[in-house]
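The values are calculated or read from the model by the stated rules, or taken from the named source; none is laboratory data. Keep in mind it's a predicted model, so treat the numbers as computed, not measured. Reconstructed Cβ throughout: ideal geometry from the backbone, glycine too, with neighbour counts over all protein chains shown.
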Amino acid sequence: MTVDSTAARKPRRGGSKRAGARTAKAAGAPELVQLLTPEGERVEHPDYSIDLSSEELRGLYRDMVLTRRFDAEATTLQRQGELGLWASLLGQEAAQIGSGRATRPDDYVFPTYREHGVAWCRGVDPTNLLGMFRGVNHGGWDPNENNFHLYTIVIGSQALHATGYAMGITKDGADSAVIAYFGDGASSQGDVAEAFTFAAVYNAPVVFFCQNNQWAISEPTEKQTRVPLYQRAQGYGFPGVRVDGNDVLACLAVTKAALDRARTGEGPMLIEAFTYRMGAHTTSDDPTRYRRDEERELWEAKDPIARLRTLLEREGHADEAFFAALETEADELAKHVRDRVRTMPDPEDMAIFDNIYADGHALVDEERAQFAAYQASFAEESH
Amino acid sequence: MTAQKLSVVKAINASLRTALENDPKVLVMGEDVGKLGGVFRVTDGLQKDFGEDRVIDTPLAESGIVGTAIGLALRGYRPVVEIQFDGFVFPAYDQIVTQLAKMHARALGKIKLPVVIRIPYGGAIGAVEHHSESPETLFAHVAGLKVVSPSNASDAYWMLQQAIQSDDPVIYFEPKRRYHDKSELDTEAIPGPLHAARVARPGTDLTLAAYGPMVKTCLEAAAAAEEEGKSLEVLDLRSMSPIDFDGIQASVERTRRLVVVHEAPVFLGTGAEIAARITERCFYHLEAPVLRVGGYHAPYPPSRLEDEYLPGLDRVLDAVDRALAY
């Protein structure tokens, strides 16, 4: 895979003239980095290009298809009562797979609670993601196993953790980079603004990847901002780029360039992946109350998976056997997830008191003992 | 440096210096902690000796300070952050309560968050609004955090060493009105447990339990009471989470009376919790209800009224008299 970017080749400390020019140009009509059109046509971009083998293209397609299948299965499991809640990523597969595949194993990822596609790219077991939605834990995986932090529910908080982690990378003299995920709603949070400030001041190797999926539950992006979100970066002194978030090639190229830029000491960058939340905010949400079907139909025509399939077929990167095998693999993944979730055990009662402190705490010990004695009293009564 | 008389400020400074020397992963960060040495000069000279990479002047953003400290801890660092004043901690409260306190549990113990948050706290310095508050209960109420406060130079030094060595987040409240009080510090001593109460003055008739700035007030009250023939025990609690209930119980079983003193409002304060638990543990030992002396359920007043708002010698002795009258 080769990714080329003039932004990566000609980096400038604390922001680039190119970014400034782009921002100025964008004031009228925002420039969208796109390498694959909704019709499945490859297009050139002056700053970013990508050259992938057939196998790599098939790999991206497979990632997106399996992620969507997993996501659909999780929604079904919620409807069947196996999960308490699910936050679907439907429609955002390209943004997540493109950016996720741009990361190196030694990079570190700070997700929201919707980054199932990124988790997939990082090698996190998909069933691990379901524990918190089933209510058996609050995350529970080891973040250091795949350099993929726990899902963060409070909006925008993780942008600061990502920035601090990136500051640590600089102190270590390492050439890893960090990517912080958040959404259009989070862009209004103070923590995101503070993360921008800290990242800029310390020139931290962090990429801010904002998936603008147009809706923060019921509030459209217009309720969060008067300017295109990527332009916010300029005020902090680092580049901002808007990329077609439904174009996996553009997301991969731009994120890889931004990460490379970060790891070579050129500091942070903001990527606004312009995409669409095709489903509800979560399974508890009812989008018919606040948005029109026509809007969804408009975005259906820009589907990230369909456009890559068109390319694969037209340029002969994949044959029918590939698509058929992938369908089988997706069904197997779904079955695996379904089986694992249904047999996921509830935690032991005493787990309430586990891992609150690393070094222990007298009150926790006391209450644990009281609780155990209380539980034991029922066993005695039954004798 | 072994045994010497040192101010609380200098003891904290020495403790930070020791930690920076002993462990390359220790970082000091906060507003004005670098060249200025902090508004109270607690970090004086540290940046000069350890460099800007380890003693870090941060942007003026408390949530950012704690949030990035969390990220640094995840990377393997041990950040010691300074919040400039008690009343300025609230922009960081979300990061402390929602993220810092819970992350170890959310990861089922697979990651640790060794972050120390130093906060100068308490009143009686004639300051403007938001510079005199005692918000310790708001942190002690949160599982996942540990909350401590030293009352003298030796504890200031050693408790900070132990807080930095702890793998848990520790909120370290500094009694700012006692910053310049000098007392004995032996940097080669073997310190006791971080969360154990200490008998600051033995007595037989009543226990005064306090921490941080109120320990000195209670010692003065005990000295005054002695002149009236009353023997008061002063217990320096040192830790508000966990609270050494065993230590308090042992004292109360000897003295049979307890008055808890803190600057923070009495309502739902540390004293309320101690009163409830000690009543439960020592019901048949108590000769009087547990009494509390503290701030009122009112915003911290303008400084010309703070002597009336804060527990002083007379209010402590008034509570002692009431407890002894039962």
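Before moving on, here are some points about what is shown:
- The set of residues from the stretch B:99-145 being acidic (Asp, Glu) and either within 14 Å of chain A (Cβ to nearest Cβ) or within 13 Å of the chain's Cα centre (by Cα) (or both) comprises B:GLU133, B:GLU136.
- Test: residue in the stretch A:187-195 that is in contact with a Cys (Cβ under 7 Å, 6 or more places away or on another chain) and polar (S, T, N, Q): yes
- Taken across the stretch A:309-316, residues that are away from chain B (no Cβ under 14 Å) and part of a loop (DSSP other than H, G, I, E, B) do occur, with at least one present.
- Note on the stretch A:249-269: residues that are part of a helix (DSSP H, G or I) and in contact with a Pro (Cβ under 6 Å, 6 or more places away or on another chain) amount to 4.
- Looking at B:GLY229, B:GLY271, B:GLY203, B:GLY312, just one residue is crowded, with 24+ Cβ neighbours inside 10 Å and either at pLDDT 95 or above or not assigned by TED's automatic domain parsing to the domain that holds B:PRO169 (or both), and that residue is B:GLY271.
- Residue in the stretch A:196-203 that is surrounded by fewer than 24 Cβ atoms within 10 Å (Cβ to Cβ), over 18 Å from A:ILE153 (Cβ atoms) and within 20 Å of the chain's Cα centre (by Cα) present: no
- Subset of the stretch B:75-91 [surrounded by fewer than 24 Cβ atoms within 10 Å (Cβ to Cβ) and facing chain A (nearest Cβ under 9 Å)]: B:ARG75, B:GLY76, B:PRO91
- Some residue of the stretch A:326-335 being more than 14 Å from chain B (Cβ to nearest Cβ) and touching a strand residue (DSSP E or B) at 6+ places or on another chain (Cβ under 7 Å): no
Table: residues versus (1) more than 8 Å from every other protein chain (Cβ to nearest Cβ); (2) surrounded by 24 or more Cβ atoms within 10 Å (Cβ to Cβ).
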residue: A:PRO126; (1), (2): yes, no
residue: A:PHE133; (1), (2): yes, no
residue: A:HIS138; (1), (2): no, no
residue: A:TYR165; (1), (2): no, yes
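- Within the stretch B:251-266, one or more residues are outside the structural domain of B:TYR179 (by TED's automatic domain parsing) and under 15 Å from B:ALA196 (Cα atoms).
- The stretch A:90-109 - residue that is assigned to a loop (DSSP other than H, G, I, E, B) and touching a strand residue (DSSP E or B) at 6+ places or on another chain (Cβ under 9 Å) and, of those, nearest to A:GLY168 (Cα to Cα): A:ASP107
- Subset of the stretch B:3-54 [more than 19 Å from the chain's Cα centre (by Cα) and hydroxyl-bearing (Ser, Thr, Tyr)]: B:THR18
- Residues (buried (at least 22 other Cβ atoms within 10 Å of the Cβ) and in a loop (DSSP other than H, G, I, E, B)) located in the stretch B:287-309: B:VAL290, B:TYR300
- The set of residues in the stretch B:40-55 being outside any helix (DSSP H, G or I) and touching a helix residue (DSSP H, G or I) at 6+ places or on another chain (Cβ under 8 Å) consists of B:PHE40, B:ARG41, B:VAL42, B:THR43, B:ASP44, B:GLY45, B:ASP53, B:ARG54, B:VAL55.
- Hits in the stretch A:225-247 (condition: part of a strand (DSSP E or B) and of a type in the set (A, V, I, L, M, F, W, C)): A:VAL241, A:VAL243
- Filtered by the rule that a residue be part of a loop (DSSP other than H, G, I, E, B) and of a type in the set (S, T, N, Q), the stretch A:47-70 gives a lone residue, A:SER53.
- Odd one out for B:THR217, checked against (1) more than 21 Å from B:ALA3 (Cβ to Cβ); (2) of a type in the set (Ser, Thr, Tyr); (3) modelled with pLDDT under 95: (3)
- Among the candidates B:ILE190, B:ILE171, B:ILE96, B:ILE83, the residue that is of a type in the set (Val, Ile, Thr) and at pLDDT below 95 is uniquely B:ILE190.
- Any hit, the stretch B:10-26, residues being more than 26 Å from B:SER151 (Cβ to Cβ) and crowded, with 23+ Cβ neighbours inside 10 Å: no
- Among the criteria (1) closer than 27 Å to A:VAL154 by Cβ; (2) within 13 Å of chain A (Cβ to nearest Cβ), the one B:VAL26 does not fulfil is (1).
- Test: A:ASP142 is in contact (Cβ under 8 Å) with a residue 12 or more places away in the chain and on the phi < 0 side of the Ramachandran plot: no
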